Amino acid sequence: MKPGGLSPLGTARLLVSGADAARFPRELKPPAREHDLGEESLFLAWELVSYARGLGPEDERALLVLVLASMVSVHQGSTRLPLADPERATYLAPLYRALGGADAGLERAIALLAHPALVPLVGAPGDYKPLIVDGGWLYHQRMLSCEDRLVAALKPRLGTASLAAPDLIDRALADVLARPAVQRGKTVELSAEQQRAVCSALAGRLTVISGGPGTGKTSIVASILRVLARLDVPLESVALAAPTGKAAFRMRESIERSLASIVDPAPIDRAITCPEARTLHRLLGYSPRGSRFSHHENNRLSERVVIVDEGSMIDLYLMDQLARSVRDDAILIVLGDADQLPSVDAGAVFRDLLPCVPSGVRLTESYRMDPVDPAGRNVLSVAREIQAGVTPTGTTLRASAAELAFEKVETLDGSRAAFVERWFRERVHGLDGFDELWRRPYRLGPEGFDEADRRDLDRLFDHFERFRILCVTRSEYASTGAAHLNALLHRKALAHAHAIGDAPADARHPLYPGEPVLMLHNDYARGLFNGDQGLVMRVSMGDSPRAAGHPLTMVVFPRRPGGYAVFHLDALRPQIQLSYAMTIHKSQGSEFDHVAVVLPDEDLALLTRELLYTAVTRSRRSVVLLGHRPLFDAGVARQIRRFSGIADKLGGPRPSPPPPASKPAKNPNQLKLPF
């Protein structure tokens, strides 16, 4: 008996416990779990296939595994599944077998996509059906719709802008170049490729600028603001944004530092006030209550120039929302690193756009990891070898944790416990007077902390921003996971507190003064965002001596300009976690002097060239690769594979997709699935 409709209570689950229980393919649950698909995904795929009337058991099974493969592909970040060679042979066929199918079944399943029984389920581009076949690709309809909508929004932007005549832009840039900044005693002069990036950004309506860490993207943005000011474009009409609160904070901080370091600023430079940098969700007016954005194609952003940093982190859906929200006559500038990890969710939009945008620029020269400095030069060299897929030759193998110099790139195979002990002693507790700084209470008055307290807090925050342990996974069960290492370092912190007579009342206390924490979610009410980092501290509220004697355990976060925000620990506890260690994904947008990269004990699909490149490039001076070298080499050889149609569609003519409002009238027999 075929199902007659979907139940909000879970039609598939009801059927599995009923007459169709014998037909449900329970044997596919283990391979689905191995590919991070829960039981609900298997139920959904099975129910979808059950709507295809007239198929025999072998055909249903073949089709079911193909639908599961499409789900795995989306889960892994692709927007479409390849049905034709060479990707079919190198990607789909191995995946199909891993999900419990056979090669003959794959041939059968692909042929079935054109079977009359699948007409309600499978369509062509423009159809409103769960699965869409577009040439040699299989899409989920919602993915194709979003991808086509993004392409339709971006195509008109590939032409030139009318912000100002080229000669006016050149004249304004020449004046900016004549008044350079000086940082760390060196004159910061824009290179030829950086100047080209500035001119391209102001001459086109869409510009993509890709560069690794330290390639001067901040200098480019600061120069763009200075040129805009000289072109009489009010900076109130410029929006700065980034995918996360942390990245937005660093973006504005870096720009302000660059502007403040101009040695001979013109009056117009002195008058520049850096626009607020916001998360993309804040810029686009996201409402968590309704999961909606207030800005879209029918309510555009008012800004004339929109500059977005960390573009590689932006997924397909958010980029689509952004592209539809920017005014037709406005300039959209997206900066990032195309070689870094792509977005967590579906798409690799930044990577796909770079070769398609005529005004796209790839920066190649790094200034952060100073080539004159041997340590920085070594880190840069190893990062570039990883980027090229070459096994790095510039790493030094250490036999034990005691041999680590914490300079350049070192490899330590084993001795994890000894390494953690040394890291805790020399990195976490490596600041002079550290115990005094975290033990003492800080008094928060009506005007905030006094100068002495701010100075000590600055020292603590600067200290913790210099180093981090980076992990491939978050697991608390695997000894290489970030949660496990955080728990281990937390126990060491409690043991140290006990040794110096500052033991907590409860030895199981999850957080303790002096420990670093990380925000896990956006908290718009408190102005805290996913990725923000704070410290647990003792804080006295009020100015009275009595208040000073009753400090509370609070969480302190840095706030611009030069201040701090304080929140009760209990109020934030569900939204924060320890951050002695963090995943490499969470580290994007961060810079440290010292990084330790903890490899898993066994090879994982997550361990890729992009992941390792991202991890190594978080550091300016030293990287410790902790784990088996063959695993590292295997990761360097493995690239993330994401299949997307954006580059193809931007490179050639394609009919515009129908607008969202032009969906066909509702059919009571229409299958309603989240595809």
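The values are calculated or read from the model by the stated rules, or taken from the named source; none is laboratory data. None of these values were measured; they are calculated from a predicted model. So basically every Cβ, Gly included, is an ideal-geometry build from the backbone, and we count neighbours across all protein chains shown. Accessible surface is based on the protein model in full, side chains and every heavy atom, while ligands, DNA and RNA are left aside. Shrake-Rupley method; radii C 1.70, N 1.55, O 1.52, S 1.80 Å.
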Report summary line: Among (1) over 20 Å from the mean Cα position of the chain (by Cα); (2) more than 25 Å from Arg621 (Cα to Cα), Gly347 falls short only on (1)
Requested in this report: Please tell me if Glu403 is farther than 30 Å from Ser540 by Cβ, at pLDDT below 95, acidic (Asp, Glu) and open to solvent by 10 Å² or more (accessible area, probe 1.4 Å).
Outcome: yes
**Report entry** Scope segment 72-106; condition open to solvent by 20 Å² or more (accessible area, probe 1.4 Å), closer than 16 Å to Ala605 by Cβ and hydrophobic (A, V, I, L, M, F, W, C); matching residues
**Finding:** Val74, Ala98
Requested in this report: Report yes if some residue within segment 476-487 is open to solvent by less than 50 Å² (accessible area, probe 1.4 Å), over 26 Å from Lys586 (Cβ atoms) and hydrophobic (A, V, I, L, M, F, W, C); otherwise report no.
Outcome: no
Report task. Answer yes or no as to whether Ala117 is closer than 27 Å to Phe24 by Cβ, in contact with a His (Cβ under 9 Å, 6 or more places away or on another chain) and either β-branched (Val, Ile, Thr) or modelled with pLDDT under 95 (or both). Result -> no
Requested in this report: Test Phe424 against the stated conditions and say whether it is farther than 20 Å from Thr553 by Cα, in contact with a Phe, Trp or Tyr (Cβ under 9 Å, 6 or more places away or on another chain), surrounded by 15 or more Cβ atoms within 10 Å (Cβ to Cβ) and among the hydrophobic types (A, V, I, L, M, F, W, C).
Outcome: yes
Report task. Could you look through segment 406-421, keep only residues that are of a type in the set (Gly, Ala, Ser) and outside any helix (DSSP H, G or I), and pick out the one that is surrounded by the fewest Cβ atoms within 10 Å (Cβ to Cβ)? Result -> Gly414
Query raised in the report: Looking at (1) more than 26 Å from the chain's Cα centre (by Cα); (2) modelled with pLDDT under 90; (3) not charged (D, E, K, R), can you tell me which one Gly212 breaks?
Result: (1)
Query raised in the report: With respect to the numbered conditions (1) touching a strand residue (DSSP E or B) at 6+ places or on another chain (Cβ under 8 Å); (2) without any contact (Cβ under 8 Å) to a residue 60 or more places away in the chain, which one is the sole condition not fulfilled by Ser475?
Result: (1)
Report task. Any chance you could count how many residues in segment 343-362 are open to solvent by less than 20 Å² (accessible area, probe 1.4 Å), among the aliphatic types (A, V, I, L, M) and under 16 Å from Tyr317 (Cβ atoms)? Result -> 4
**Report entry** Listing of helices (runs of 4 or more DSSP H) fully contained in segment 567-637 that carry 2 or more residues being of a type outside the set (A, V, I, L, M, F, W, C) and open to solvent by 30 Å² or more (accessible area, probe 1.4 Å)
**Finding:** 629-637
Query raised in the report: Could you say whether any residue in segment 412-420 is within 28 Å of the chain's Cα centre (by Cα) and of a type in the set (Ser, Thr, Tyr)?
Result: no
Query raised in the report: Which one is modelled with the lowest pLDDT among residues in segment 556-566 that are crowded, with 18+ Cβ neighbours inside 10 Å and touching a helix residue (DSSP H, G or I) at 6+ places or on another chain (Cβ under 8 Å)?
Result: Pro558
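Counting residues that are modelled with pLDDT of 85 or more, of a type in the set (A, V, I, L, M) and in contact with a Gly (Cβ under 9 Å, 6 or more places away or on another chain), which helices (runs of 4 or more DSSP H) fully inside segment 8-94 reach at least 3? Break it down into steps so the answer makes sense when it comes.
Numbers: elements: 11-16, 29-34, 39-50, 57-75.
Because the criterion is at least 3 residues that are modelled with pLDDT of 85 or more, of a type in the set (A, V, I, L, M) and in contact with a Gly (Cβ under 9 Å, 6 or more places away or on another chain), the helices (runs of 4 or more DSSP H) in segment 8-94 that meet it are 57-75.
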Report task. Could you check how many residues of segment 363-383 are modelled with pLDDT of 90 or more and under 23 Å from the mean Cα position of the chain (by Cα)? Result -> 4
Requested in this report: Identify all residues within segment 438-472 that are part of a loop (DSSP other than H, G, I, E, B), surrounded by fewer than 20 Cβ atoms within 10 Å (Cβ to Cβ) and not acidic (Asp, Glu); write none if there are none.
Outcome: Arg440, Pro441, Pro446, Arg466
Report summary line: Considering only strands (runs of 3 or more DSSP E) wholly within segment 111-203, the ones with at least 3 residues that are surrounded by 14 or more Cβ atoms within 10 Å (Cβ to Cβ) are 131-134, 137-140
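Would you mention how many residues in segment 363-390 are among the hydroxyl-bearing types (Ser, Thr, Tyr) and either surrounded by fewer than 13 Cβ atoms within 10 Å (Cβ to Cβ) or outside any loop (DSSP other than H, G, I, E, B) (or both)?
As a first pass, look at segment 363-390 and keep what is among the hydroxyl-bearing types (Ser, Thr, Tyr): 364, 366-367, 381.
Filter once more, so that each one left must be either surrounded by fewer than 13 Cβ atoms within 10 Å (Cβ to Cβ) or outside any loop (DSSP other than H, G, I, E, B) (or both): 364, 381.
Of the residues in that region, 2 qualify.
If only one of Asp337, Asp328 is at pLDDT below 95, of a type outside the set (A, V, I, L, M, F, W, C) and open to solvent by less than 30 Å² (accessible area, probe 1.4 Å), which one is it?
Numbers: Asp328 fails: open to solvent by less than 30 Å² (accessible area, probe 1.4 Å).
When all the criteria are applied, what remains is Asp337.
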